[in-house]
Amino acid sequence: MLEILRLPVLKDNYVWLLRAGPDEGAGADAAVAVVDPAVEGPVDAALAARGWRLTHILNTHHHNDHVGANLALKARHGCTIVGPRADRERIPGIDVAVGEGEFYKIGAAIARVFDVPGHTRGHIAFWFAEDRALFCGDTLFALGCGRLFEGTPAQMWASLSKLRALPDDTRVYCAHEYTQSNARFALSVDPGNAILRARATAVDRARAADEATVPSSLGEEKATNPFLRADDPAFARALGLADRPPTEIFAAIRAAKDRF
Ligand code: ZN
Ligand code: FE
């Protein structure tokens, strides 16, 4: 039901453009949303090429590489800006504030909102259950997770655990192409993971061919992303952290990544 386009912008950001069919009851047109528009040019070019009219901006968090084009796009298209309630004062032009457990409709497509603090204190994720599509900004990355700029390891582990509970066939639309460097770190802490090794090889091949590695599937993240495995006893033993609480193990992995 959702048509999803990937727009690579800046050095390594992905902006996602979504088109949803019209909401039957409301008698409206199709809806077109852009997730985390860092810049306006590529968004406007993609809209013009398809004859689409922008109706919504969905923001996961307030960082400039996610909200940079909010005001310009709103001025040009009159679109509605949807963002985190916990951070409404830091989202330029916000119209609708949403938070944990709420639903927001884009045309006929329904997004469920998760509060996922850690990278920033107000970070949210949008989960389109019917399409199995998760827009998670800088919280969960392919083979990684966001830096803890404003949150604690315990908050980030809780946020990632919430996302991890979604179905394996969920596609993870994160906001950066960090997969190859994330894979190098993941291999350094989990060298015995054969699924990870195979994935890292596939990632190297894709990047050599200038192909995107995002979206990934949540199932592969569960098997290979070290930041989703802080409560795996075998992994904890391999790290020399047997019987430590998951939050502590997560904190140790995150700290190691910061130094990597
Ligand atoms: Zn960020
Ligand atoms: Fe970012």
Original post:
Within the bounds of segment 151-159, is there any residue that is within 16 Å of ligand 2 (Cβ to nearest atom), within 24 Å of GLU221 (Cβ to Cβ) and not polar (S, T, N, Q)?
Top reply: yes
**OP:** Search segment 60-84 for residues that are away from ligand 1 (no atom under 12 Å from the Cβ) and pair each with any residue that is among the β-branched types (Val, Ile, Thr) and assigned to a helix (DSSP H, G or I) when their beta-carbon atoms are under 8 Å apart and the residues are at least 6 apart or on different chains.
**Re:** ALA69/VAL43; LEU73/VAL43; GLY83/VAL67
Original post:
On the given criteria, is ALA38 surrounded by 23 or more Cβ atoms within 10 Å (Cβ to Cβ), within 16 Å of ligand 1 (Cβ to nearest atom), of a type in the set (A, V, I, L, M, F, W, C) and modelled with pLDDT of 95 or more?
Top reply: no
**OP:** All but one of (1) more than 14 Å from ALA230 (Cβ to Cβ); (2) touching a residue at least 12 places away in the same chain (Cβ under 8 Å); (3) over 16 Å from the mean Cα position of the chain (by Cα) hold for ALA154, so report the exception by its number.
**Re:** (1)
**OP:** Given the conditions (1) without any contact (Cβ under 8 Å) to a residue 60 or more places away in the chain; (2) in contact with a Phe, Trp or Tyr (Cβ under 6 Å, 6 or more places away or on another chain), report the number of the one that ASP169 does not fulfil.
**Re:** (2)
Subject >> Where LEU166 falls short, out of the listed (1) closer than 15 Å to GLU100 by Cβ; (2) touching a Gly at 6+ places or on another chain (Cβ under 6 Å); (3) more than 13 Å from ligand 2 (Cβ to nearest atom) >> reply: (2)
Subject >> Which numbered condition ARG112 fails, given (1) touching a residue at least 24 places away in the same chain (Cβ under 8 Å); (2) more than 16 Å from ligand 2 (Cβ to nearest atom); (3) surrounded by fewer than 24 Cβ atoms within 10 Å (Cβ to Cβ) >> reply: (1)
Subject >> Close pairs (8 angstrom Cβ cut-off, 6 or more residues apart or separate chains): at positive phi in segment 36-57, surrounded by 13 or more Cβ atoms within 10 Å (Cβ to Cβ) and of a type in the set (A, V, I, L, M) anywhere >> reply: ASP36/VAL15; ASP36/LEU58; ASP36/VAL67; ASP36/ALA175
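The values are calculated or read from the model by the stated rules, or taken from the named source; none is laboratory data. On a predicted model such as this, the values are computed, not experimentally measured, just so you know. When we count neighbours, we look across all protein chains shown, and the Cβ atoms used for this are built from the backbone with ideal geometry, even at glycine.
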